[in-house]
Each structure stands twice: as structure tokens, then as C-alpha cells.
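K.L.:
Before anything else, here's the structure in question.
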Amino acid sequence: MKIIIDGYNLMYRMELTGTLEQKREKLLEELAEFLAVNPNEMLLVFDGGRNPSNHRGKDFKNGIKIFYSAQGETADDYIMEMVEKRTGKAKTHLVVSSDRKITDFAKAHSMKVMTSDEFVEYFE
């Protein structure tokens, strides 16, 4: 299963404490623990925020592919592009977000959807 996660959407539902960077690190730790028990391909998408570049950023940590949107682009845009350009069968993809625009788009492309709250409950 390929799991595409709306990063900040999930992070803020997990009630993590600390600075933004500390919260992101804690989120990565939690997701790495989830992957240790539930091996899947995980793509975590964040808004690039103050990214001055017109290019998207990428990283790889704890078995998780991390993506940052480019300047003038939102994580929502990036996720919907991933959904639209997916490779493989739609039923092998899960999109995690509580953003209705994203979940409706994923459903329209025959992908499985889970809200961030449901995902938090699922892996606790």
C-alpha cells in the first residue's frame, strides 16, 4: 500500500508539543514506528511555507519519503497532483487528510481515504 499523508494536517491532530521542527521530528518518529509494524510505502507532504525556490523539496528519513511544496504551491496541490499521476492501481493507495477537497479528489480517483483523526486512532 502507498500511503500519501497531508503532513501538517496529521501533525496538528496528534497534539504534539514543541517547536514546529520538534513537532515534525516527533511526527516522523511516530510514523517510523507505525511503518515498523505495518510495512508500506509512505509519502509525507508538507507545505513548503517560506521556501524561496520555485522547485519542490524532497527528503528521505526513517523509511519515509518527505516532500515540500514549492513557492506559491500548497501541499494540497502537490497531493492532488500525486493522486492524479499515480502509478499502480488506485485501490493500492491510501490518502490521509481531513481536508475535504483532498479526500473528495482522492475518492473521485478511486483511492482509499482516511481522515487524519481516523489515522491517529488507527495507529495508537
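K.L.:
Does at least one position in the range 35-51 carry a residue that is charged (D, E, K, R), surrounded by fewer than 17 Cβ atoms within 10 Å (Cβ to Cβ) and within 18 Å of Met11 (Cα to Cα)?
P.N.:
no
K.L.:
Here is a check on your reading of the model: is Phe46 in contact with a Gly (Cβ under 8 Å, 6 or more places away or on another chain), more than 18 Å from Glu124 (Cα to Cα) and without any contact (Cβ under 8 Å) to a residue 40 or more places away in the chain?
P.N.:
yes
K.L.:
Another one. For the range 90-114: of the residues being β-branched (Val, Ile, Thr) and in contact (Cβ under 8 Å) with a residue 40 or more places away in the chain, which is surrounded by the fewest Cβ atoms within 10 Å (Cβ to Cβ)?
P.N.:
Thr92
K.L.:
Collect the residues in the range 79-124 that are of a type in the set (S, T, N, Q) and under 14 Å from Leu43 (Cβ atoms), keeping them in residue-number order.
P.N.:
Thr87, Thr92, Ser97
K.L.:
Right, here's the next one. Considering only the range 87-124, state which residues are part of a loop (DSSP other than H, G, I, E, B), over 14 Å from the mean Cα position of the chain (by Cα) and either at pLDDT 90 or above or on the phi > 0 side of the Ramachandran plot (or both).
P.N.:
So in the range 87-124, the residues part of a loop (DSSP other than H, G, I, E, B) come out as 87-89, 97-99, 109-111, 115, 124.
Still in the list and also over 14 Å from the mean Cα position of the chain (by Cα): 87-89, 109-111, 124.
Of everything in the range 87-124, those that are part of a loop (DSSP other than H, G, I, E, B), over 14 Å from the mean Cα position of the chain (by Cα) and either at pLDDT 90 or above or on the phi > 0 side of the Ramachandran plot (or both) turn out to be Gly88, Lys89, His109, Ser110, Met111.
The values are calculated or read from the model by the stated rules, or taken from the named source; none is laboratory data. A quick note: this is a predicted structure, and the numbers were derived from the prediction, not measured. So basically every Cβ, Gly included, is an ideal-geometry build from the backbone, and we count neighbours across all protein chains shown.
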